[in-house]
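Take a look at the structure set out below.
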Amino acid sequence: MAPIKLRRGFKAEAERMSIKLREDMGVHPCAKLCAFKLVEHLNLKLIKATDLLSDEKSLSLLEGTNGYKNEWSALTMLNNEGKRIILYNPFNSEVRQQSDLMHEIAHVLCKHELSNESCDFQVPFGMREYNPIQEEEAKCLGASLQLSKPSLFWARKRNLTHEQISQEFNASVEMVRYRMAMTGIYKKK
């Protein structure tokens, strides 16, 4: 499968949006941005999946226990009033939750339409059809929100390792590597 190409200028737009949202929230462009605080700032509704699911099998699926593998992270859906809500898995690690929420926030900021098409199989939690272009946009913008380009330049100037950047900005090492490569300031450490 060929890689998905983002529309011209999208990456630069994502970088600008990341910095603008930080400014709007009084956060320095080089500073860590908390996804939970961004959800509040954007006045989005956030729900833990455990607030909706309480049976043992569902909790085992979310937590990845009793022989189940935890493969579910988060999603954006519409509530009965037509307002977007973000549902997330609180059993995931803190860095994963940050990444998951930034990705879902990116879907909202990009005004991605939720598909009404039904699937030939039952999908959990109101999931819809996978749109590769929208997912690539959310991946790009979500990553930019989590690790701004100025924060990566700040970290590089201080010769921080990927692990140190990960700790400083509450992001996974994989996310640090992805952003360093995406921004063109990749530095092996």
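The values are calculated or read from the model by the stated rules, or taken from the named source; none is laboratory data. Keep in mind it's a predicted model, so treat the numbers as computed, not measured. Here the Cβ is made from the backbone with ideal geometry for all residues, glycine too, and neighbour counts use every protein chain on show.
Filtering the range 136-170 to residues that are within 21 Å of residue 6 (Cβ to Cβ) and either free of Cβ contacts under 8 Å to residues at least 24 places away in the same chain or not in a helix (DSSP H, G or I) (or both) leaves 147, 148. Counting only strands (runs of 3 or more DSSP E) wholly contained in the range 1-88, the ones carrying 3 or more residues that are at pLDDT below 90 occupy 74-78. Restricting 113, 135, 129 to those that are under 13 Å from the mean Cα position of the chain (by Cα), modelled with pLDDT under 95 and within 29 Å of residue 43 (Cβ to Cβ) reduces the list to 135.
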